[in-house]
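The values are calculated or read from the model by the stated rules, or taken from the named source; none is laboratory data. Just so you know, these numbers come straight off a predicted model, no measurement behind them. With ideal geometry, Cβ positions are generated from the backbone for all residues, glycine too; neighbour counts draw on all protein chains shown. Just so you know, the surface numbers come from the protein's heavy atoms only, side chains and all, with ligands and any DNA or RNA stripped out. Shrake-Rupley method; radii C 1.70, N 1.55, O 1.52, S 1.80 Å.
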Amino acid sequence: MMLGKKRKIGRKIEEISVGEKLTFTEKIEDRDLLLYLGLTDDANPLYIQHDYASQTPHKKPIVPSIMLNGMIHAAISKYLPGPGSHVMKQEIEYMKPVHHYASVQFLLEVKRINEDDQTIEMQVHATNEAEETILLGKLIVCPPHKIAKIDGQALDNF
């Protein structure tokens, strides 16, 4: 619990503009994969066993798609719109697998702002080192809400 501690909150809906973009690159390392697989208890041999993956069309172990989603969600939570925001809906298509040790470049772009329901629509596009598209998608994101002053009722949940 962090009562009384000031937290940095991301940008509210009125501070965001259509056309804003965020690019970032993630390199997939063994430690990241092992942490993810350990946290989720996912033992899919396609993700970790070179001997198994070599017998598939992928030829090498691949990165779980949901791990790529996590990178997108983390960027939304950290940068655009930032802390206090969350993804409400996503539609993502995975065009190519991502192999271990790959670098993935992501581009997030604000496509629409809906002030009625306080959401923004974002497009995501990611490419591999060969600049091939590996995923495309659309997300509906709720930016941080205006924070009300703490009063007696605000503490009822504690």
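Tabulated data for the structure shown
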read-out	value
Single match in K96, K89 (criterion: in contact with a strand residue (DSSP E or B) (Cβ under 6 Å, 6 or more places away or on another chain), open to solvent by 70 Å² or more (accessible area, probe 1.4 Å) and part of a strand (DSSP E or B))	K89
Single residue of the stretch 70-120 satisfying the filter (of a type in the set (D, E, K, R) and under 17 Å from the mean Cα position of the chain (by Cα)) that is farthest from C142 (Cα to Cα)	E93
Hits in the stretch 66-93 - residues which are within 23 Å of R31 (Cα to Cα) and not polar (S, T, N, Q)	I66, M67, L68, G70, M71, I72, H73, A74, A75, I76, K78
Cβ-Cβ under 6 Å pairs, at least 6 apart or on other chains, the stretch 98-115 side in contact (Cβ under 8 Å) with a residue 40 or more places away in the chain, far side assigned to a strand (DSSP E or B) and surrounded by fewer than 15 Cβ atoms within 10 Å (Cβ to Cβ)	S103/T25; S103/K27; Q105/T25; L107/T23; E109/K21
Hits in the stretch 42-65 (condition: of a type in the set (F, W, Y), open to solvent by 70 Å² or more (accessible area, probe 1.4 Å) and either within 24 Å of T127 (Cβ to Cβ) or assigned to a loop (DSSP other than H, G, I, E, B) (or both))	none
Residue count for the stretch 20-36, restricted to those that are open to solvent by less than 80 Å² (accessible area, probe 1.4 Å) and over 17 Å from A102 (Cα atoms)	2
